[in-house]
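Read-outs: derived from the displayed coordinates by stated rules, not from any lab. Every value quoted in this text rests on a predicted model; they were computed, and no experiment measured them. Cβ placement follows ideal geometry from the backbone for every residue including glycine, while neighbour counts extend to all protein chains displayed.
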């Protein structure tokens, strides 16, 4: 501690406060930093490693202990440990630095993994590795938002990444059979949604195998169903059009 | 000797009997390149003063820095002793990692100089190179190098040195001998096998074993090295001297009046000079006399070193110099470093190049003397015997043996490797001294430019104009630079027959080319029919290889080593070039080291991926031993022979081929997840269930909390789960598949895929034609499955298979055990003829299958695919679908149910609001009915998929789960001394030895072991380091193996606590792997952020 600290002011250190309001009263407990999250996820099983003391406070920093009556009215027990575990499980807490850091790190990894799973290099039709995606995400200075789902963020990242590297959502391979009557009309409507047509057979009915962007699937699905009144069929041949197996470069 | 002119060499190239193609082979640091330097210096290409320091043939920068040779490079030398000889010398690397370069060098040669360090003796690589020379049937000669170290460093007396040299010679001969015996034994074994088979055919019981055949009969005396045979030279390349016994024999025969032939025989060996009788007597050792070699040869050298280096006795030195009749420059005499004086004297007295080159010319064969045996070996690829080759091809053998440079002789050239050359180094682009006119011209140009510039300065308003003019010039300069940087590949080759000319049309035959496939009668002039692995091209340019430089040639006659330019599009790594299409491709090179060090390579900037891929392609072409591949995961993997080789490959990629920053890392290691039968014993090998379980100290999460609401798990592992809208309930049980079944499924992926396709078509009332062969295979596959799935549990299981997964063809099975539900079997392609008895497909059949596919694709442990798990659907109740099923036409429903998987996946990422639009995603008649099944939980089929997937996952978790690791089989060749260390490395890396046997006729052991892929990073390097290079491993992926430890295991019994302590996280390999994968994927890992709460820094940050 530096010499400038006034001697009459004692700072709380290594303390994380968990608060809970119950029965109109505020209760606080003093915990160690970086431990509450582990307790909640079940990784930490020793309560003494989480709690500084088995006491319930009204205000931790002032050292005001909660009254026995208030405790029993709020928690239905006078057992302090029991009250502490209840507060630990449900109270609001300050997320400490390392907890936040590890959470963001996990999310970042998770986003990169999702991106790597969904995308391919359009030239080789092969996925990128997670490490490469992570590096690319760092290059475009992507920052994780803790309150948004990783999947949502992953979709945003894909759009941003497209500006810096050759990346693309892996295409879906679809096959649909349309009645001849609707075929011609629908084809025009479908055209903007389809990336490449692999196979087209228009004899009695229109049969097509094509690659689409997964984002368009819902539109195509809806279009076919509504326009043909359930007569057309749609079938997914593969979710991800990627090269399989190892390839030797020669 | 002055610099040999190009014309001279061209003239010499035509005299085939006077050509010697040879390479220098040795262990690393035994002085190959130094010796090569001395030989190069004898031709005046470099100064003899610099010989041994310059390392002329190490042209790469990193070769000079590291001080080891990394590639083989060739140079043509000229040597005169009565006859004029052309010597094509190839220097090769000695490090194990580059032994592929040695193979490429050895193939092109007829002879080899094996260099052995006089102090270190025979080293691992010496054995390897001797074996390589042996396998290629080329004749070796021996140079014992660094004799000066015996004098200066070890301070041996001449007598001791003699015995030391004798020992080394014995070691070398022992290696040769063992090669010979193993060959003889092999031949005998073959003969025996043949005899045995013929015996059994005849049915005669008595076999006569002929033990005497073999070693004694075969004459091996000409294989060994011995100074009196003239195939050994003693040398010190660094000091520039070397001698063979011949030289001394001749010297002393004049002096002492003894016939040189007598001296030659007695100079090496147990002979001494009886001074009184003036006779040479036998038995020097027993009589305690100095052997002749010591007295006449070594003593002289010793006294020379003593005078020059140790005592620096000027007078004595002068005396010696004059008595030897040499001239030493006074500058050298006065030099403060005695080594300079020494080498000045020695290189005149006993020049090493003289000794070595004369031995080479005498003892090594010329290209014309190629043996028939070697030709046959070269021409017969793989297991094919020479006799089985087409007749035309066999005729070419004569061309080989003739080795004639006639116009009519067919051209046969073998390319052993491709090497990249900077376009600057090519002779076309080389800077020549300018002629007078050119200089004048340039001066004129410069003057004009100067004038222009002045004009531009004067008129300021024209500034803009000039700027515009500047732009295109800048651009053109840029393109020129790019062109310059292009790598050119030169093929490292040798002509075996005929004359290769510039502009000639030739066939390029790949290593897999088969002459017997060729249609009759076609020649190079014809328009080519497309034959696999064959191309036709014109020879662009021919080069004479002169170390770092290339000289352009117009034609190269037979027997010469050369470089061919402009072949990069036709040749990948090695090839055979011929004018006759019936020429067989040469046998592939035997590589002593196979590539085993794997790393994943990535560009620093992800946008530079295409550059990396192009660079890796070039690297693959330029390096005979490197392999590059793209894996399914998208990783670019580089496989190299060792760490040093890896470094070189990465440097090459960075600086020459890709020219980008790259990073290399450990490749991703795949795992599989599986379940096993409940184990009978616990971790301390006690019977389960017998002892009392002690109270669990930490509160383990209660069993029920593992499963959320709506999931019921009974004690036998049956999981029942209801969809959120309470309409359907599925009951699933996970059962481990027997190992053989898993293997069977893995091996027959293609068949399963065909069957799957058939069923798909069958749903649409179409048929897919499958040929008879495949049908038979499927039938066989089914029978095998049935035979492996025996027992009560599996009764009728094969018929009830619903699907395979993941991706519809994996090693997991979905079983239909629902009572009263008969669906068409997956085997319907087999029973096409039979009327399928009213098998009906229930509604949403496909949703169940899709749920299974998703569940098997990523398991609950670490999202890796499952393997060897059978999910048996035991109950499947639907409240709603019963009326629906009757209305719906079956086929359509089964098809349309599928897109819902994607709905499920996409719903969260595209629009979170799962609109009712998805609901009507059903077939026409079902549309209205299905509409009712839509509620707040989304489409019903999607719900069912999710429910099935979850049910599978919980069923999986209800059984003892295990991780499966990919395993390598590892074959290690090691000598007996290092066996213990090999075992230590293996056991440290969780390897398991399967067998160990001794190779017949040698002291090498062959160890077979399995090793987890996860532990293999750095394995090759460690094993080489620990065994000083005496063991060399080879790794091949073999199979998946269950890791026996349970990743979720915690100690529960008294004994286990005693053994492992409370946490027991030290020994759990499976947990380590699982957590590593989870961490890599960003999944939740159960570990504390801070281990000890009290030990955190107790100061807040801002104080």
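Given a Förster distance of 56 Å, report the FRET efficiency between residue B:193 and residue B:49 from their Cβ-Cβ distance, rounded to the nearest 0.05.
On the way: r = 60 Å, r/R0 = 1.07.
Computed FRET efficiency for residue B:193 and residue B:49 comes out at 0.40.
Most mobile of A:63, A:91, A:232 per a Gaussian network model of chain A (Cα springs, under 10 Å)?
Between A:63, A:91, A:232, it is A:63 that shows the largest mean-square fluctuation.
Can you compute the FRET efficiency between residue B:1055 and residue B:715 using 1/(1 + (r/R0)^6), with r the Cβ-Cβ distance and R0 = 25 Å? Round to the nearest 0.05.
Numbers: r = 25 Å, r/R0 = 1.02.
Result of the calculation: an efficiency of 0.45.
Working from Cα positions, state the angle (0 to 90°, nearest 10) between the long axis of helix A:97-118 and the longest principal axis of chain A.
10
Nearest 10 degrees, 0 to 90: what angle lies between the long axis of helix A:217-228 and the longest principal axis of chain A (Cα atoms)?
50
Between residue A:195 and residue A:247, 0.36 nm times their residue separation minus their Cα-Cα distance comes to what? Please report the intermediate quantities before stating the final value.
Working: separation 52, 0.36 × 52 = 18.72 nm, distance 2.54 nm.
Taking 0.36 nm per residue and subtracting the Cα distance, the gain is 16.2 nm.
Which length gain, in nm to one decimal place, applies between residue B:186 and residue B:149 when the Cα-Cα distance is subtracted from 0.36 nm times their residue separation? Don't skip to the answer; put the middle values down first.
Details: separation 37, 0.36 × 37 = 13.32 nm, distance 4.01 nm.
Fully extending the segment from residue B:186 to residue B:149 adds 9.3 nm.
Test of understanding: what is the full-extension gain from residue B:286 to residue B:315, defined as 0.36 nm times their sequence separation minus their Cα-Cα distance? Each step should come with its number before you reach the end.
Working: separation 29, 0.36 × 29 = 10.44 nm, distance 3.77 nm.
Gain in length upon complete extension: 6.7 nm.
Modelled label-to-label distance, residue A:188 and residue B:444, 7 Å Cα→beta-carbon offset: nm?
7.1
Quick check of the Kirkwood formula: for segment A:179-239, what is the inverse mean of 1/r over all pairs of different Cα atoms, in Å?
The answer is 11.8 Å.
With r as the distance between the Cβ atoms of residue B:135 and residue B:306 and R0 = 35 Å, compute the FRET efficiency 1/(1 + (r/R0)^6) and round to 0.05.
For residue B:306 and residue B:135, the calculated efficiency is 0.20.
Could you give the nm distance between label points at residue A:12 and residue B:976, where each point is 7 Å from its Cα heading toward the beta carbon?
If labels sit at residue A:12 and residue B:976, their model points lie 7.5 nm apart.
Based on the mean of other beta carbon atoms within 10 Å per residue, what is the order of B:19-26, A:122-129, most packed first?
Working: B:19-26: 27.1, A:122-129: 19.0.
Result, highest mean Cβ count within 10 Å first: B:19-26, A:122-129.
Using a 10 Å cut-off around each Cβ of peptide B:634-640, what is the average number of partner chain Cβ atoms that fall inside? Could the numbers behind the result be given before it?
Working: counts 15, 7, 5, 2, 1, 0, 0.
Averaged over the peptide's residues, the number is 4.
Between residue A:181 and residue A:227, what is the label-point separation in nm under the 7 Å Cα-to-beta-carbon projection?
Those two pseudo-labels are separated by 1.5 nm.
For the Cα atoms of chain A, what angle does the longest principal axis make with the long axis of helix A:180-190, in degrees from 0 to 90, nearest 10?
Roughly 50 degrees, rounded to the nearest 10.
Percent relative contact order of segment B:581-675, based on C-alpha pairs within less than 8 angstrom and at least six residues apart? Walk me through the intermediate numbers first.
On the way: 126 pairs, mean separation 35.9, N = 95.
Rounded, it is 38 percent for segment B:581-675.
Report the percentage of all Cα-Cα pairs in segment A:115-213 whose separation exceeds 25 Å, rounded to a whole percent. Display every interim value, and only then the final one.
Numbers: 1869 of 4851 pairs.
Summing the P(r) of segment A:115-213 above 25 Å gives 39 percent of all pairs.
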